[in-house]
Protein chains: 2
Amino acid sequence: MDYIGLKEYLRAERLCVDKALDQAVTLIESELEPDIASAIRHGVMSGGKRLRPILCSTAYRECGGQAENNAYDLAASLEMIHAYSLMHDDLPCMDDAELRRGQPTTHSVFGEDVTMRAAAALIPAAARQALSSARNLECGALGATEVVQELLEAAGAGGMVGGQWLDLLGEGQTLNPKELDELHRKKTGALLTASLVMGALSAAVDKETVSALASYGRSVGLAFQITDDVLDATQSADLLGKNPSDVDLDKSTYVGLHGLDQAKEHARERIVEALSALESIPIDAPILSILARYVVERER
Amino acid sequence: MDYIGLKEYLRAERLCVDKALDQAVTLIESELEPDIASAIRHGVMSGGKRLRPILCSTAYRECGGQAENNAYDLAASLEMIHAYSLMHDDLPCMDDAELRRGQPTTHSVFGEDVTMRAAAALIPAAARQALSSARNLECGALGATEVVQELLEAAGAGGMVGGQWLDLLGEGQTLNPKELDELHRKKTGALLTASLVMGALSAAVDKETVSALASYGRSVGLAFQITDDVLDATQSADLLGKNPSDVDLDKSTYVGLHGLDQAKEHARERIVEALSALESIPIDAPILSILARYVVERER
C-alpha cells in the first residue's frame, strides 16, 4: 500500500468507525434527556481523525481477527473515551477553548454543567461498549474482561487522567525532556497504546505479539505528540482548527524544548523503534507499518 | 437482630468497607501525582453512611456468599462511584456546595480543575475494582462481567447521570409526582439497586432472587430519598452537615409535593413493598429486612 492507498484506507475505516459510533451514541440517546444527549452527540460525532479506533481495528485484523464489524464496535469505545477527555480539556476551568477541529467546543454550545455530565456519562458507556463488543470477538467473554481492563487503565489515574494533570501543572513552566515524555506517555500514549493492545487481545494472539504491539503503540504515541507540536509551530491555527494553541497556553512543547529540527528527528527515531517492534513478531502488519510513517508525515 | 444490634452491625460493616476503600485509594495514589491523589482521598474517605457498599456486602452474604473480604472490595467500587457523583454535584456549575457531611467539599479545598479530574478518575478505577474483585467471588470471572455491567449501567446515562440531569432541570420548577419518582429512581435508585444486584450476582444465586433483590432495591431507594426530604424539612442544616439544602436550591421535594405526613406514609409504603419482595424468595434475609426499616427511621 502506498500513501494514496493509505488515504483511501483511512477514509473507509473512518466511515466504518463513524457508523459504529453513531449506533453507540443512538443507544445512549435512548436512555437520556434530549439536551444532554445532544451534547454527547456533538462531542463524539464532530469529526476527528479517529486514529485510536483505526489503530484498534487495524491491529485486530492484522493479528488475524475475522469479525470485522464487531471490531468497529470495540474500536468505537476508544473514541468515546477520547471524546470525553477532549470535552474535559476544553472546559473553562481547564484550557478554556472555544474551537476544536474548527467547530465550537461542546461547552460553548451546551454550557459547562451539561458538558461535564455528558463527558462523565461517556466513561461507563465506553466501558459497556467495549465489554459487550469484545465478547463477540476471538477473545470470547473471558478475554473481554482483559480487553476492558486495558481501556479502564488507559482512561484512569495511571493513564489519561494523570497525564492531563501533569499537563495542567506544566502550564507556564518549562518541563525537562524526561518530564515532557512522561506527560505525553500518559496523556496521549496510554490510550493509543491501549488501542493496539485491545485490538491484539481481542484477536486472541500470544503474549509476545501483544507486548510488541504495546511497544509499537508507545513509540507511535510519542511520535504523534511530537508531530502535533511541530504542526502547532509551523501551521496556522485556522488550518488546525484549534484555539487556543498549546503555545498560547504557555505549555512545554517538543519544539520549544529541542528546536524544530531536533523535534522532527526525535519523531523519526520513535518511528524506527515502532517499526522494529513490528519486525520482532511473526505477524505481517503492512498497514500498521505504513500508519506509523503517516503519523509523522501528516499535515494536520 | 434489633436496632441496637443493627447499629453495631452498621458500625462493623463501615469499618470493613473503609478498609477496602482505603486500599483502593492507596492503589490509585500510587499511580498519581500527590495533589490529585489527595483530592480523591478527600472525596472518598471523608465519612458517609456507606449505605451502598453495606447493602452490597449484606446482600452477598445473605445470598450465601462465603468470601466476605473480597466482597468488601467489590462493595468499595459502589462507594467510589457514589463519591464521584457527590464531587460532581457539589461543583460551582452544579449545586455550588461548600459543605458536605459537615466538612468542606472537595472543590472548596482542592479547586475545580483538580476535583473534576479526580472525580473522572474514580469512574474507571471503580469499574476496575469491581472487575478484579468480583472474579474472586462465587460468580467467577465470567459472572464478573455481568457484575461490572450492572455498575456501569447504574453509573451511566440510564442511571445516575440521567437522574442528576433531571435534578438540575427541576430546580426552580415544580415536578409532578411521576417526574419526581423518575428523577429519584435514576439519581439515587439506580446505584442503590445495583448494590443489591451486584451482591446477589456475585454470590451466583438464581435469576428470581436477583430480580427480587432489584425490586427490594428500587423500593428502598425511593424510601431513602423520601426520608432525606423529610429530614431536610425537619432537622437543622447543622445536624445534617449539608449546605445548601435542597429547599435552598428550590428543588422539588416529596415533602413540598405531598406534605410531611403523606411523604412519611409514602416512604412506609415503599418499605412494605421492599419487605414483600424479600418474602417472595426462598433465601432468609433478616439483615436486609431490618435495614429496610432503618432507612426510613434513621435520624440523619
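Of all residues in the stretch A:280-296, how many are charged (D, E, K, R) and either at pLDDT 95 or above or surrounded by 13 or more Cβ atoms within 10 Å (Cβ to Cβ) (or both)?
1
Go through A:Leu169, A:Leu142 for me and flag whichever is modelled with pLDDT of 85 or more and more than 16 Å from the chain's Cα centre (by Cα).
After applying the criteria, what remains is A:Leu142.
Taking into account only those residues within the stretch A:72-109 that are part of a helix (DSSP H, G or I) and acidic (Asp, Glu), which is surrounded by the fewest Cβ atoms within 10 Å (Cβ to Cβ)?
Among residues in the stretch A:72-109 that are part of a helix (DSSP H, G or I) and acidic (Asp, Glu), the one surrounded by the fewest Cβ atoms within 10 Å (Cβ to Cβ) is A:Asp89.
Do we find a residue being within 11 Å of chain B (Cβ to nearest Cβ) and in contact with a Lys or Arg (Cβ under 6 Å, 6 or more places away or on another chain) anywhere in the stretch A:95-111?
no
Report, by residue number, each residue of the stretch B:205-254 that is out of contact with any Asp or Glu (no Cβ under 9 Å at 6 or more places or on another chain) and at pLDDT below 90.
Scanning the stretch B:205-254 gives B:Ala233, B:Thr234, B:Ser236, B:Asp238, B:Gly241, B:Asp248.
Condition first: farther than 18 Å from A:Ala130 by Cα and acidic (Asp, Glu). Now tell me which residues in the stretch B:109-151 satisfy that.
Scanning the stretch B:109-151 gives B:Glu112, B:Asp113, B:Glu138.
If we keep just the residues of the stretch A:62-71 that are crowded, with 16+ Cβ neighbours inside 10 Å and in a helix (DSSP H, G or I), which is farthest from the other protein chains (Cβ to nearest Cβ)?
The extreme case among them is A:Glu62.
Search the stretch A:86-114 for residues being under 22 Å from the mean Cα position of the chain (by Cα) and polar (S, T, N, Q), and hand back the single one that is farthest from A:Trp165 (Cα to Cα).
A:Gln103
Please determine, by comparing only the residues of the stretch A:32-48 that are more than 12 Å from chain B (Cβ to nearest Cβ) and aliphatic (A, V, I, L, M), which one is nearest to A:Ala83 (Cα to Cα).
The residue in question is A:Val44.
Let me confirm something: among B:Ala118, B:Ala127, which residue is over 30 Å from B:Leu175 (Cα atoms), touching a Ser or Thr at 6+ places or on another chain (Cβ under 8 Å), of a type outside the set (Phe, Trp, Tyr) and facing chain A (nearest Cβ under 7 Å)?
B:Ala127
What number of residues within the stretch B:135-188 are part of a helix (DSSP H, G or I), away from chain A (no Cβ under 11 Å) and surrounded by fewer than 17 Cβ atoms within 10 Å (Cβ to Cβ)?
3
Within the stretch B:10-61, how many residues turn out to be surrounded by fewer than 17 Cβ atoms within 10 Å (Cβ to Cβ), within 19 Å of the chain's Cα centre (by Cα) and of a type in the set (Ser, Thr, Tyr)?
Selection size over the stretch B:10-61: 0.
The values are calculated or read from the model by the stated rules, or taken from the named source; none is laboratory data. Remember, predicted model here, so these are calculated numbers, not experimental data. Neighbour counts are summed over all protein chains in view; Cβ atoms, including those assigned to glycine, are modelled from backbone coordinates with ideal geometry.
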